[in-house]
Structures are given as structure tokens and as C-alpha cells.
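*Asks:* Below is one structure. I have some questions about it.
The values are calculated or read from the model by the stated rules, or taken from the named source; none is laboratory data. Bear in mind the structure is a predicted one, so any value in this text is a computation, not a measurement. A quick note on method: Cβ atoms are made from the backbone with ideal geometry, for glycine too, and the neighbour counts reach across all protein chains shown.
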Amino acid sequence: MTVEEIGTVLELSHQTVSKHFKYELAASALTKNASVAGALYKQATRYGHVGAMTFWLKCRARWKPEANDFEEGLSAQQQARAIRDALATLNDLEDAEV
């Protein structure tokens, strides 16, 4: 929701909402982003969701898959295993840096 929409629902001007609810507006966005990131991470690491794994690697590990990274004949399960292996390698690298 935009500040204007919130103001309409609360019957306040967007200036009043912005002035008096600055913290809540900022915290709400951060909380929602953290919640989505946590859900995505859970899908990638606990449940082996290939799309979540790929998205996580592209965004967090700056992974740029090449056209030949996966052979066209690989099943989704084989691709998921390859991505899980890449995530495990990334986790090992992060643990070594700590």
C-alpha cells in the first residue's frame, strides 16, 4: 500500500501519515522483505525448490548460469542436485571466511 492509500483508509492526509508514522512505514517494509527472504531461503535449503535455489544463487551469490551449465537432457531432479551442490559449496566458502 502507498502512503496515500494508507491515509485514505485512516482518513488522514498522506503528510500526516508520513510525519507521524515514519518508523512504522519503514519497519513494515523491512519486516516484509525479511519475511520473504526467509521464506525463499527455506524453500531453497529445506525443500529443494529449484526456482528458489536458482533465484537465491543469482541474487546472493551473483551466479550467472551459462547456456551450457546444464545439459538439455538433465531432469529437474538432476538440476536440483547440481544447484544444491553449488549452494553447499557456497556455504562452505562462507563458513571458511568467518
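*Asks:* Mind checking which residues of segment 54-98 are of a type in the set (Val, Ile, Thr) and modelled with pLDDT of 70 or more? If you could, list the steps in order and put the result at the bottom.
*Replies:* Going residue by residue through segment 54-98, those that are of a type in the set (Val, Ile, Thr) are 54, 83, 89, 98.
Once the filter is applied, which keeps residues that are of a type in the set (Val, Ile, Thr) and modelled with pLDDT of 70 or more, segment 54-98 yields THR54, ILE83, THR89.
*Asks:* Does at least one position in segment 21-42 carry a residue that is surrounded by 15 or more Cβ atoms within 10 Å (Cβ to Cβ), out of contact with any strand residue (DSSP E or B) (no Cβ under 8 Å at 6 or more places or on another chain), of a type in the set (Ser, Thr, Tyr) and at pLDDT 80 or above?
*Replies:* no
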